[in-house]
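Visitor: Got a structure for you, written out below as structure tokens; questions coming shortly.
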Amino acid sequence: MSRPIDRARTAVAAMAPSGLSLVAVSGGADSLALAVAASQLPGAFGAVVVDHGLQPGSAQAADRAAQQCRELGLDPVLVRRVRTRPDEASARTARYEAFERALESTGAQRILLGHTRDDQAEQVLLGLLRGSGIRSLAGMPAVRGAYARPLLGLAREDTEQICAGAGLEYWEDPSNTDTTYRRNLVRGEIMPYLREHLGGHIPQALARTAQLAAADADALDLWAGRAWAEHGTDLKALAALPPAVASRVLRLAAAEAGAKNVGRERTAALCALAGVGTAKSKSAGPVQLDGKISAYRRSPVIVFTDSL
């Protein structure tokens, strides 16, 4: 079997465009391993380090990570300080806003993220715990827009081995042990329990589930896109589709009209309005959606209007 660093280099090379790519580096093992792999490839690679300011010593950890990237030869190396609330969603929003600014200021074409197979397994498990649909079970995409995750085929222990081989000490974020965050609970307690009682193959099995779910979700999205383009929200056409496809058509139509965050509950209401599935509404509407958009049944179609 090839060495982790060889697999990491191959994966990075496959996802890096010809222009500048920035490695998102936190100072942890995963992102530093990604920086090591990028530094050993031809091409233009820089780094962006985001300091959320939520932990004592985070500024020093960010500066140290930036210096490690410079010593690896990455250029440019940016450090971005952000202000955020201490919840995971707020921190993520602030982080990606910093990434977008880094892309704009450097002209980079891609941000490389250090998520591993273990992160993917945890993401799938979190989706299961939320009772989410197939797209959520598909986990994190390898590539989406300007963002790529080359290390989804490597385990977390592989990244630690890469750092050891490069002589790099990585930072352990103290917040990772705080199990009041659901992700940390999954990582620190639930996954180790599953490994112990069901076998060490659990992360690979969950990551494989993500790959299969992603392929199925992509196929359903493609089917829905074609149906939407051909028939719009025609009620007879929707009734002829499987509910999994018809519901996607309705979400596409809602998004096209300007609705935002059309989640499970509102999707179910749209399906009932359109007579899709088993629950059918006698009312012709409206179904109120985020973004001040309302949906009505106006035979032969579903109509979306701005309620302002």
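The values are calculated or read from the model by the stated rules, or taken from the named source; none is laboratory data. Only a predicted model underlies this, so the values are computations on that prediction, with no experimental measurement involved. No Cβ is skipped: glycine too gets one built from the backbone with ideal geometry, and neighbour counts run over all protein chains shown.
Visitor: Of these, Ala59, Ala24, Ala16, which one is over 20 Å from Arg156 (Cβ atoms), buried (at least 20 other Cβ atoms within 10 Å of the Cβ) and not β-branched (Val, Ile, Thr)?
Guide: Of the residues listed, the single one that is over 20 Å from Arg156 (Cβ atoms), buried (at least 20 other Cβ atoms within 10 Å of the Cβ) and not β-branched (Val, Ile, Thr) is Ala16.
Visitor: With the checklist (1) loosely packed, with under 15 Cβ neighbours inside 10 Å; (2) farther than 30 Å from Val245 by Cβ in hand, flag the one item Arg80 doesn't pass.
Guide: Among (1) loosely packed, with under 15 Cβ neighbours inside 10 Å; (2) farther than 30 Å from Val245 by Cβ, Arg80 violates only (1).
Visitor: While we're here: Looking at Arg70, is it charged (D, E, K, R), out of contact with any Ser or Thr (no Cβ under 7 Å at 6 or more places or on another chain) and modelled with pLDDT under 95?
Guide: No.
Visitor: Every residue in region 107-152 that is surrounded by fewer than 16 Cβ atoms within 10 Å (Cβ to Cβ), under 24 Å from Arg195 (Cβ atoms) and not hydrophobic (A, V, I, L, M, F, W, C), please.
Guide: Arg130, Gly131, Ser132
Visitor: Filter region 27-43 down to residues that are of a type in the set (A, V, I, L, M) and more than 21 Å from Glu172 (Cβ to Cβ) and give me whichever is surrounded by the fewest Cβ atoms within 10 Å (Cβ to Cβ).
Guide: By that ranking, first place goes to Leu41.
Visitor: Out of region 175-191, which residues are part of a helix (DSSP H, G or I) and surrounded by 13 or more Cβ atoms within 10 Å (Cβ to Cβ)?
Guide: Answer for region 175-191, where residues must be part of a helix (DSSP H, G or I) and surrounded by 13 or more Cβ atoms within 10 Å (Cβ to Cβ): Ser175, Asn176, Arg182, Arg183, Asn184, Leu185, Val186, Arg187, Gly188, Ile190, Met191.
Visitor: So which residues in region 83-106 are touching a helix residue (DSSP H, G or I) at 6+ places or on another chain (Cβ under 9 Å) and surrounded by fewer than 17 Cβ atoms within 10 Å (Cβ to Cβ), if there are any at all?
Guide: Within region 83-106, Arg83, Arg85, Pro86, Glu88 meet the criteria.
Visitor: For region 30-43, which positions are modelled with pLDDT under 95 and touching a Phe, Trp or Tyr at 6+ places or on another chain (Cβ under 6 Å)?
Guide: Residues satisfying the conditions do not exist here.
Visitor: Separate question: Do you know which of the residues in region 221-265 that are outside any helix (DSSP H, G or I) and at pLDDT below 90 is surrounded by the most Cβ atoms within 10 Å (Cβ to Cβ)?
Guide: Per the stated criteria, the residue is Val262.
Visitor: Would you check if there is a residue in region 201-219 being small (Gly, Ala, Ser), assigned by TED's automatic domain parsing to the domain that holds Ala65 and out of contact with any strand residue (DSSP E or B) (no Cβ under 7 Å at 6 or more places or on another chain)?
Guide: No; the residues of region 201-219 include none that is small (Gly, Ala, Ser), assigned by TED's automatic domain parsing to the domain that holds Ala65 and out of contact with any strand residue (DSSP E or B) (no Cβ under 7 Å at 6 or more places or on another chain).
Visitor: Same structure again: Count, please, the residues in region 19-37 that happen to be hydroxyl-bearing (Ser, Thr, Tyr) and free of Cβ contacts under 8 Å to residues at least 40 places away in the same chain.
Guide: Counting residues in region 19-37 that are hydroxyl-bearing (Ser, Thr, Tyr) and free of Cβ contacts under 8 Å to residues at least 40 places away in the same chain gives 0.
Visitor: Another question, if that's okay. Does any residue in region 140-168 that is assigned by TED's automatic domain parsing to the domain that holds Asp30 and closer than 25 Å to Ile202 by Cβ come within less than 7 Å, Cβ to Cβ, of a residue that is part of a loop (DSSP other than H, G, I, E, B) and among the β-branched types (Val, Ile, Thr) six or more places away or on a different chain, and which pairs are these?
Guide: If the second residue must be part of a loop (DSSP other than H, G, I, E, B) and among the β-branched types (Val, Ile, Thr), the pairs left are Leu151/Thr116; Leu152/Thr116; Leu154/Thr116; Ala155/Thr116; Arg156/Thr116; Thr159/Thr116.
Visitor: Taking the residues in region 266-283 that are at pLDDT 90 or above and either farther than 20 Å from His231 by Cβ or under 25 Å from the mean Cα position of the chain (by Cα) (or both) as candidates, determine which candidate is surrounded by the fewest Cβ atoms within 10 Å (Cβ to Cβ).
Guide: For region 266-283, the residue satisfying everything is Ala268.
Visitor: Can you find even one residue in region 44-56 that is surrounded by fewer than 24 Cβ atoms within 10 Å (Cβ to Cβ), modelled with pLDDT of 90 or more and in contact with a Gly (Cβ under 7 Å, 6 or more places away or on another chain)?
Guide: Looking through region 44-56, at least one residue is surrounded by fewer than 24 Cβ atoms within 10 Å (Cβ to Cβ), modelled with pLDDT of 90 or more and in contact with a Gly (Cβ under 7 Å, 6 or more places away or on another chain).
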